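What follows draws every value from the coordinates through simple rules; no lab data is involved. The shown structure was predicted, so the numbers you read here are calculated from the model rather than taken from an experiment. As a convention, Cβ positions derive from the backbone with ideal geometry for all residues, glycine included, and neighbour counts pool all protein chains shown.
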């Protein structure tokens, strides 16, 4: 028996979400009195993969070839399923990223495994039965899911599990990929990534703005605030619908759901659909000139006032804070 | 082109979410149901791709009891040609995916669309499961979908950008914002929907693999701490010393 952790990489680098799933997998393995083994697909160095040892991973399998350099969910699912079978894994852990969402259900189907996506805490384990909590109804509820299939697949949201270094080292071994040509049913033609920007779903701090900013020409101060904080920028639905900002920045029920450590909402009233996308943020700051804005009801800190005077002052105060 | 659009019947986005029977069941009392918003995007794109049903057909499928028929009729009013209801409660994604795959297997669709996820259980599982069960390619979070001949070009969301993916039909795609604008039914559509075919089929025997046994409400936040707009430093101090987030 073992716990298998699927590790994503971006351009050969392990991101925080990789260490999150490693930690989560190791914590389950400890409960099951077994080991956590990782699997990574695509181009990444042995040195980079061996970093996983410090998070409790005992062994890392690596598989790559020219066909596997880009994400193909069918082929990746075949490989992860083969590794799970070889290692007799009773649990497979993945990150609930965009790729994870394409991969995990295919994997679960191959393994006939019960799947919980977006788990928010460690399972409660009773023999073969796992109880796993996940958010439901767009963050308005927490559901406890019972899984008792022989193999379980669990995905965790980025930023929802605390990374723990436990020391230790991991051997990196090659894994032979049992894929067929029919597995390569989708072909990646192009990848467009804004490398200078922080990825919104994984950002630890998000600066988000709404219609209160009055127009796209006023976003310079939002971007400056984000830069000072090392934050990703986001916006409300009316703003992306109006074309002031790209859809990829729209946070909310029908946009991207985020759970950063700090979410700063500027000039956003807090419609229920927007709150569904942000309410699992650890700390929420709201800046709005309307003291009755519903967003204040779910905020930790608030400033009632005009964003156009407050944001520049906040930028100055943060710069001074960083300087200290 | 034959398109199957998988529809989930979900509580309206503004519904108050409460639970009953010792917090083991969702309380449906007084809840208005709608087509899952992401599925509406899928439906709108399907209608566009078939030139409003003239160069192909759009079939909607849902797994649910008779109470879901109002939602199905809305999909027909928006422009689907016909509808199928698998007469069973949608117990989990595995159960639903197997029902849809069983129907799709018999009916050879060129394209199967789902929303990227449903707004009730947020699993984002059914589409990719259907694809795996049918041995078809799939793309889970599409921001754009174009079809030319038997080739699809999909823009897929990735962290911090997008990926352009090509695939040969038949194919399963989970649609997100950007693929199409949801369509509002007009009076003619609403009238036509009453007579469009809605067939009810019996479920195949499948055991669900997961079950929800309890719901709870996320812990409430404390009352908001208001900071005066002239003491911004106080906010910075609170974020640093109290919330420990900067």
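Just to verify a result, which residue in segment A:124-144, among those that are crowded, with 22+ Cβ neighbours inside 10 Å and either more than 20 Å from the chain's Cα centre (by Cα) or more than 7 Å from every other protein chain (Cβ to nearest Cβ) (or both), is nearest to residue B:219 (Cα to Cα)?
Filtering first and then ranking leaves A:134.
Which of the residues spanning segment B:34-60 are away from chain A (no Cβ under 14 Å), closer than 28 Å to residue A:237 by Cβ and assigned to a strand (DSSP E or B)?
Answer for segment B:34-60, where residues must be away from chain A (no Cβ under 14 Å), closer than 28 Å to residue A:237 by Cβ and assigned to a strand (DSSP E or B): B:58, B:60.
So residue A:193 ticks every box in (1) under 19 Å from the mean Cα position of the chain (by Cα); (2) closer than 30 Å to residue A:29 by Cα but one. Which box is left unticked?
Condition (2) is where residue A:193 drops out.
Applying the selection to segment A:100-123, what residues are surrounded by fewer than 23 Cβ atoms within 10 Å (Cβ to Cβ), in contact (Cβ under 8 Å) with a residue 40 or more places away in the chain and part of a helix (DSSP H, G or I)?
A:111, the sole residue that qualifies.
Quick one: how many residues across segment A:274-318 are in contact (Cβ under 8 Å) with a residue 24 or more places away in the chain, more than 10 Å from chain B (Cβ to nearest Cβ) and surrounded by fewer than 21 Cβ atoms within 10 Å (Cβ to Cβ)?
2
One line per residue, one yes/no per condition, for (1) buried (at least 23 other Cβ atoms within 10 Å of the Cβ); (2) without any contact (Cβ under 8 Å) to a residue 24 or more places away in the chain; (3) part of a loop (DSSP other than H, G, I, E, B):
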site: A:6; (1), (2), (3): yes, no, no
site: A:18; (1), (2), (3): yes, no, no
site: A:43; (1), (2), (3): no, no, yes
site: A:47; (1), (2), (3): no, yes, no
site: A:53; (1), (2), (3): no, no, no
site: A:58; (1), (2), (3): no, no, no
site: A:78; (1), (2), (3): no, no, no
site: A:84; (1), (2), (3): yes, no, no
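So which residues in segment B:108-138 are under 12 Å from the mean Cα position of the chain (by Cα), in a loop (DSSP other than H, G, I, E, B) and either closer than 19 Å to residue A:180 by Cα or more than 7 Å from every other protein chain (Cβ to nearest Cβ) (or both)?
Passing the criteria: B:116, B:117, B:118.
Residues of segment A:179-197 being in contact with a helix residue (DSSP H, G or I) (Cβ under 8 Å, 6 or more places away or on another chain) and farther than 14 Å from residue B:167 by Cα, which ones?
Residues satisfying the conditions are A:179, A:180.
Going by the structure shown, is residue A:270 more than 9 Å from chain B (Cβ to nearest Cβ), more than 23 Å from residue B:39 (Cβ to Cβ) and either out of contact with any helix residue (DSSP H, G or I) (no Cβ under 8 Å at 6 or more places or on another chain) or free of Cβ contacts under 8 Å to residues at least 40 places away in the same chain (or both)?
yes
Hey, can you tell me all the residues within segment B:189-212 that are surrounded by 13 or more Cβ atoms within 10 Å (Cβ to Cβ) and either within 7 Å of chain A (Cβ to nearest Cβ) or in a helix (DSSP H, G or I) (or both)?
B:189, B:190, B:192, B:193, B:209, B:210, B:211, B:212
For residue B:151, are the conditions met, namely being over 19 Å from residue B:59 (Cα atoms) and more than 8 Å from chain A (Cβ to nearest Cβ)?
yes
Out of curiosity, is residue A:180 under 29 Å from residue A:116 (Cα atoms) and within 21 Å of the chain's Cα centre (by Cα)?
Judged against the criteria, residue A:180 is not a match.
Restricting attention to segment B:154-181, and to residues there that are in a strand (DSSP E or B) and over 19 Å from residue A:248 (Cα atoms), which single residue is farthest from the other protein chains (Cβ to nearest Cβ)?
B:172
Of the residues A:80, A:21, A:63, A:5, which is farther than 25 Å from residue A:194 by Cβ and under 19 Å from the mean Cα position of the chain (by Cα)?
That would be A:5, the only listed residue that is farther than 25 Å from residue A:194 by Cβ and under 19 Å from the mean Cα position of the chain (by Cα).
Could you tell me which residue of segment B:223-237 is nearest to residue A:152 (Cα to Cα), considering only residues that are within 7 Å of chain A (Cβ to nearest Cβ) and in a loop (DSSP other than H, G, I, E, B)?
B:224
Within segment A:155-178, count every residue that is outside any loop (DSSP other than H, G, I, E, B) and touching a helix residue (DSSP H, G or I) at 6+ places or on another chain (Cβ under 6 Å).
So the count comes out to 3.
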